[in-house]
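Just below is one structure, and these are the notes that go with it.
The values are calculated or read from the model by the stated rules, or taken from the named source; none is laboratory data. Just so we're clear, the structure is a prediction, and the values are computed from it rather than from any experiment. No Cβ is skipped: glycine too gets one built from the backbone with ideal geometry, and neighbour counts run over all protein chains shown. For accessibility, only protein heavy atoms count, side chains too; no ligands or nucleic acids. Shrake-Rupley method; radii C 1.70, N 1.55, O 1.52, S 1.80 Å.
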Amino acid sequence: GGSASWEGGADWVVAQIKPRPHIRGIFLGDEPTLFGVTYADICALSLYLKQALLAAGRRDVFIYFNDTPESQQLTHGLCPGLDFFSLDSYNDDPATEVAQVKRAYGLIKARLRPPNYLEPRGQGFFVVPGIFWFMPRLADQSVAAVGAPSCTAPGGTVCTGPHEYNCSWGPTGTHCLTSPSWLVGKMAAYWAWARQDPTGTFPFPSHFVIMD
């Protein structure tokens, strides 16, 4: 909504999608709240896009974005035209992370719109599990000096090297060949929540979709 030509940009996006039946979704961005995009901006964009998609005969295309736990989607309700929403709320402890996300979604779960003209599937949530981890990295130190196995060793948890990057993300860092056992536990905790929740329709037995 900050640009005077955002409607033209949205029209261009819909024009690209209209003849491409393999495109089934539009991602509005990651954590726009951090960049000053307001709730009103998101609502104006999602409504405009959805109305344009419907006019173009693309009722099958959903609209989605991801935001922070401070998102006003969680206090004001999901914008008209917005089909799915997710948030980043990560914790290395599986039970804590799932509880945080479940608590946040519980604030507006009852206000999700059922299937209607703007949201043919009804509104719902995606979950974005924190399936990464930040291991300690000590620059320019040997494995012996660190006193723990390097990330390339079985069970290794510490990265060593010349750059202050996380092992898994650094452009020159060593990609760790092992992963913490709690990553599996985290996915199991999300799946248990999905199986226990009876409210949903898409495509797991819950109101949200698990994405990796």
query = Under 9 Å by Cβ, and 6 or more places apart or on different chains, what pairs join a residue from segment 31-56 that is at positive phi and part of a loop (DSSP other than H, G, I, E, B) with one that is surrounded by 16 or more Cβ atoms within 10 Å (Cβ to Cβ) and of a type in the set (D, E, K, R)?
reply = Glu31/Asp67
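Condition check: in contact with a Leu (Cβ under 8 Å, 6 or more places away or on another chain), in a helix (DSSP H, G or I) and among the hydroxyl-bearing types (Ser, Thr, Tyr). Does Thr75 satisfy that?
For Thr75, the condition - in contact with a Leu (Cβ under 8 Å, 6 or more places away or on another chain), in a helix (DSSP H, G or I) and among the hydroxyl-bearing types (Ser, Thr, Tyr) - is met.
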query = Which members of segment 13-29 meet the condition of being over 21 Å from the mean Cα position of the chain (by Cα), surrounded by 11 or more Cβ atoms within 10 Å (Cβ to Cβ) and outside any helix (DSSP H, G or I)?
reply = Lys18
inquiry  = I need a count of the residues in segment 38-81 that are under 17 Å from the mean Cα position of the chain (by Cα), farther than 13 Å from Glu119 by Cβ and among the aliphatic types (A, V, I, L, M).
reply    = 2
key: Subset of segment 1-12 (residues that are open to solvent by less than 50 Å² (accessible area, probe 1.4 Å) and touching a residue at least 12 places away in the same chain (Cβ under 8 Å))   = Ala10
ask   = Identify, please: which residue in segment 62-72 is touching a helix residue (DSSP H, G or I) at 6+ places or on another chain (Cβ under 6 Å) and open to solvent by less than 20 Å² (accessible area, probe 1.4 Å) and is, among those, modelled with the lowest pLDDT?
value = Thr68
query = Is it fair to say Arg59 is closer than 20 Å to Phe85 by Cα, outside any helix (DSSP H, G or I), of a type in the set (Lys, Arg) and open to solvent by 60 Å² or more (accessible area, probe 1.4 Å)?
reply = yes
